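Working notes, structure below.
The values are calculated or read from the model by the stated rules, or taken from the named source; none is laboratory data. Because the structure is a prediction, the values reported are computed rather than measured. Note: ideal-geometry Cβ built from the backbone for every residue, glycine included; neighbour counts use all protein chains shown. The area values use the complete protein model at the heavy-atom level, side chains included, leaving out ligands, DNA and RNA. Shrake-Rupley method; radii C 1.70, N 1.55, O 1.52, S 1.80 Å.
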Amino acid sequence: MINTLDLKFHRPRTIAAYLVETSVGPVLVETGPESTYPRLKAALAEHGVTPADLRAVFVSHIHLDHAGAAWRLMADGAPVVYVHPKGAPHLIDPTRLWESASRIYGEQMETLWGRPGPIPEERVRAVQDGEEIAIGASRFLALDTPGHAGHHHAWVTDGVIFSGDVGGVRIGGGPVVPPLPPPEIHLELWRASLDRLRSLEAAEIRPTHFGAYADVTAHLDDLEDRMFRWAERVLGWMREGLDEEALIPRFEELVAEELRAAGLDEEALAEYEIADPAWMSVPGLVRYWRKVHPERVAGA
Ligand SMILES: [Zn+2]
């Protein structure tokens, strides 16, 4: 049994945490940001669960909308958090992570994401690719799935993929869009991660943004197609000499057009924009092209 907890980050259906029942008690997949921790606690309480009742917490990666509240859960009695090895140090000491996020978000930092806090080292478990964590009769398989971030695991249990951000953003059954923030976007690695997820032939995918979908292969195909198309559009504009400031409104227009063409209304567009801000994907893509394919930016 899996319950979707809507953390209502600015709007409904933008960030989820997933409460999974196991034979020995509940576990949580993803925590949302610290700023929605009161909402997370209330959502847990609706299911009769306190943080201290959790047997474990799993996070896909350490971006603040996924793991920002992990330290609060630990402070309130959750026993252990499972995370990618490259993410673990940043849960133990979040100083550098918060500094780098502050460079993107500036003064909005606290309003958006809340506050940082450390987790005692012995309660942060780094999980290797392919490792399975047993919680009662359930098994949670870690799959190293880079592309969105270099420190990203998808967690797989009982035919369900918790895809974090590598499975894209999809709200209310709409199009699957790629979250492309700097600094670690890598489209070829991302495609390999999608191949890996497709090969599981899973029954369901649950992206953190947002909900549960049974059309797993179509979902992943849609994401892959859109990701490469959008990246090529941005590359084209870069080659015309547009800088990031000029790229942002063009990219926002491209995203909005595509979502509207899929039949989404303005409210749904706003939800997508909160879950996956278009302005953030521009620097992510620009960095990807310059770093990974400088020859294509130059026009070769
Ligand atoms: Zn995210």
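When the test is whether a residue is among the polar types (S, T, N, Q), within 21 Å of GLU121 (Cβ to Cβ) and under 17 Å from the mean Cα position of the chain (by Cα), THR36 does not pass it. Among the strands (runs of 3 or more DSSP E) confined to segment 124-195, the ones with at least 2 residues that are away from the ligand (no atom under 13 Å from the Cβ) and β-branched (Val, Ile, Thr) are located at 132-135, 153-157, 160-164. Scanning segment 193-207 turns up at least one residue that is of a type in the set (Ser, Thr, Tyr) and surrounded by fewer than 21 Cβ atoms within 10 Å (Cβ to Cβ).
Annotation note: Cβ proximity below 6 Å between a residue of segment 134-149 that is touching a residue at least 40 places away in the same chain (Cβ under 8 Å) and a residue that is of a type in the set (Asp, Glu) and more than 15 Å from the ligand (Cβ to nearest atom) (sequence gap 6+ or interchain) occurs for ALA142/GLU131; ASP144/ASP129. Residues that are assigned to a loop (DSSP other than H, G, I, E, B), within 24 Å of HIS10 (Cβ to Cβ) and in contact (Cβ under 8 Å) with a residue 60 or more places away in the chain are absent from segment 241-261 altogether. Among the residues making up segment 122-156, a single one is open to solvent by 20 Å² or more (accessible area, probe 1.4 Å) and hydroxyl-bearing (Ser, Thr, Tyr): SER138. Of the residues screened, ALA214 is not one that is in the same structural domain as PHE140 (by TED's automatic domain parsing) and either closer than 25 Å to HIS151 by Cα or open to solvent by less than 10 Å² (accessible area, probe 1.4 Å) (or both). Of the candidates ILE92, ILE104, ILE62, the single residue that is in contact with a helix residue (DSSP H, G or I) (Cβ under 6 Å, 6 or more places away or on another chain), β-branched (Val, Ile, Thr), in the same structural domain as GLY211 (by TED's automatic domain parsing) and within 17 Å of PRO181 (Cβ to Cβ) is ILE62. Evaluate segment 269-277: report whether one residue or more is part of a helix (DSSP H, G or I) and open to solvent by 80 Å² or more (accessible area, probe 1.4 Å). No. Taken together, the residues in segment 65-95 that are closer than 21 Å to ASP165 by Cα and not aromatic (Phe, Trp, Tyr) amount to 17. Condition test on ASP276, is it of a type outside the set (Gly, Ala, Ser) and more than 16 Å from the ligand (Cβ to nearest atom)? No; evaluated as a whole, the condition is false for this residue. Within segment 7-18, the only residue that satisfies the criterion of being surrounded by fewer than 20 Cβ atoms within 10 Å (Cβ to Cβ) and without any contact (Cβ under 8 Å) to a residue 40 or more places away in the chain is LYS8. Between ALA218, ALA256, ALA261, the distinction of being within 14 Å of GLY168 (Cα to Cα), of a type in the set (A, V, I, L, M, F, W, C) and at pLDDT 95 or above belongs to ALA218 only.
With respect to the stated conditions, GLU201 is free of Cβ contacts under 8 Å to residues at least 24 places away in the same chain and away from the ligand (no atom under 16 Å from the Cβ).
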